[in-house]
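Following: one structure in C-alpha cells, then a few remarks.
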Amino acid sequence: MAWKTLDDMDLAGKVVLTRVDINVPVDDGAVTDATRITRIKPTVDAIIAAGGTVVLLAHFGRPKGKVVPEMSLEITRQTLVDELGHPVAFATDCVGEVAAEALENLQDGAILLLENTRFHPGEEANDPDFAKQLAALGDIFCNDAFSAAHRAHASTEGIAHLLPSCAGRLMEAELKALDKALSTPDRPVVAVVGGAKVSTKLDLLTNLIEKVDTIVIGGGMANTFLAAQGHDVGKSLCEHDLAETARAVIAKAKDLGCEILLPTDVVVAREFKAGAENEVVPADQCPSDAMILDAGPDAVAAIVERFRKARTLVWNGPLGAFEIAPFNKATDAAAAAAAELSRGGKLISVAGGGDTVAALNGSGAAKDFTYVSTAGGAFLEWMEGKTLPGVAVLTQG
Ligand code: ADP
Ligand code: MG
C-alpha cells in the first residue's frame, strides 16, 4: 500500500491543515492525560521545520453538529503550548471568516487551533460544501489521526479529495506497524483474540483465520468455544446462542490450516471480586456453581510456546478478567513473555484495543511491544480487514 507522507510534500510557505486526534480526557476544566497531544509533536515539528504553517483540525466529544460550549477545543490550548513548545492561537470556528481571520493574524511559527469540527453537522455527514469550506483555509491536508480514519467525515475523508494530501508521522507509524503485522508479516503469525464476547469479535476472527497461523482464544470468548464443544462452563460469561457460530469458526480454521488454541486449564471462582477464592481446574471440569475468570498455567505455557515459535504477534483482548486480581495472571504472564521476546528482537508484536492497552500498560509490558495502537475502533476495523476511508483516500493518486 502506498500513501504519501510529509516527506513527499513541499511544505515551505504552505498552510498545512493537519487532522489530529486530541480528544483527550478532561476533568474539571483541565486535561488529565496529554498522551494524545504529545504524540502529534513529530508531525507538528516536521511541518514547522519544513517552513509550513500548522493549522490543527480536530473533533472533541460528541456535540452532534451543534455548538456545545463544554466541548470547545479551547480547553486543550494551554496543554498544546506546553507539550508542543510553540505558541498556539485559537479560532472560535473551524470555517468561514472567523477561521480565515485567525489564520491571517497568526504570528510566524505559531500554530492555529480551530474549534471542534463536530460543531458543524457537515462534519459527520461528510458534506462536500463543508469539506470545501475547510479546504479553503489551507494548501495541503495532512492526516495524523489514524484513530478517526475509520469514519468518513469531512475532516478525515472529504477534505482529502480537495487538497494534496499525506499521512502525518503518527499515522505513518501506525500504518507501517499494522501493515507489517498483518499484510506482509514474517511467519509464523500468532493472534491472540480475547476479551468478553465472541459476538463483538466475529469479523475479527473471520479475517484472522485467513491470515494467521495460530489464533489463541482467551477471555470470556473462550468460554463460548468450550461450551460449544460440550463442556459445562457453569456460571461463566458465555454466549450459549453462539455455539453453532463457534463450531463454524473452528471448522473453517481447520479447512484453512489455522490452529485454534483454546485453554486446557482455567481459573474458576464463585465470586467476581478482587481476591476471590479460586482454583485451577481442567477446562472441561468447571464446577456448575463456578465461573471461569482466567486461563490456567498450562494454557499460558502453551501460549508462550506458540509465541516462541512465532515471528509476529497481533493481540486484541485480555485472556481473563484482568481488572480484578488475581485474574490478571494469564494476561500478564503471556504479555511479559511477548515483551521479552520483542525486546530480544525475536518477535514483532502489535497490540490494540481499549482494555488490551490498559492491561498491557498496567503490567508494564506495553513499552517492550513493537507497537501498541491507541486507535481503538480504527485498530479493530483494520484487524477485521476493513478499508478505512481516511486511509484509503490517502492512497489514491
Ligand atoms: P478490548 O477493549 O481490548 O477490545 P474487550 O472489550 O473485548 O477488549 O474485552 C475486555 C473485557 O473482557 C474486560 O472487561 C475483561 O474483564 C473481560 N473478560 C475477559 N475474560 C473474562 C472472563 N473469563 N469472564 C468475564 N469477563 C472477562
Ligand atoms: Mg473493551
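Selection of the stretch 304-332 for residues being closer than 14 Å to Pro263 by Cβ, open to solvent by 20 Å² or more (accessible area, probe 1.4 Å) and touching a residue at least 40 places away in the same chain (Cβ under 8 Å) yields Arg306, Lys329. Select from the stretch 337-352 the residues that are buried (at least 24 other Cβ atoms within 10 Å of the Cβ) and under 16 Å from Met383 (Cβ atoms) and write down the one among them that is farthest from ligand 1 (Cβ to nearest atom). Step by step, filter the stretch 337-352, then rank; the result is Ser349. Taking the criterion of being under 22 Å from the mean Cα position of the chain (by Cα), of a type in the set (Asp, Glu) and away from ligand 2 (no atom under 14 Å from the Cβ), the only residue of the stretch 317-354 that qualifies is Asp332. Would you say Asp355 is open to solvent by 50 Å² or more (accessible area, probe 1.4 Å), under 19 Å from Met221 (Cα atoms) and away from ligand 1 (no atom under 15 Å from the Cβ)? No.
Applying a threshold of 9 Å to beta carbon distances and a minimum spacing of six or more residues, or different chains, the list of pairs starting in the stretch 251-262 at a residue that is over 16 Å from Arg187 (Cβ atoms) and ending at one that is open to solvent by 50 Å² or more (accessible area, probe 1.4 Å) and among the β-branched types (Val, Ile, Thr) reads Lys252/Thr206.
If you go through the stretch 198-234 and keep only what is of a type in the set (Gly, Ala, Ser), open to solvent by less than 10 Å² (accessible area, probe 1.4 Å) and part of a loop (DSSP other than H, G, I, E, B), you end up with just Gly218. Annotation note: of Leu360, Leu380, the sole residue that is open to solvent by 10 Å² or more (accessible area, probe 1.4 Å), within 14 Å of ligand 1 (Cβ to nearest atom), under 17 Å from Val193 (Cα atoms) and within 17 Å of the chain's Cα centre (by Cα) is Leu380. You will find that of Ala335, Ala301, the residue that is more than 24 Å from Glu210 (Cβ to Cβ) and free of Cβ contacts under 8 Å to residues at least 24 places away in the same chain is Ala301 and no other.
The values are calculated or read from the model by the stated rules, or taken from the named source; none is laboratory data. Note that the coordinates shown come from a computational prediction; the quantities given were computed from them, not determined experimentally. We place every Cβ from the backbone using ideal geometry, glycine too, and count neighbours over all the protein chains shown. What goes into the accessible areas is simple: the full protein's heavy atoms, side chains included, and nothing from ligands, DNA or RNA. Shrake-Rupley method; radii C 1.70, N 1.55, O 1.52, S 1.80 Å.
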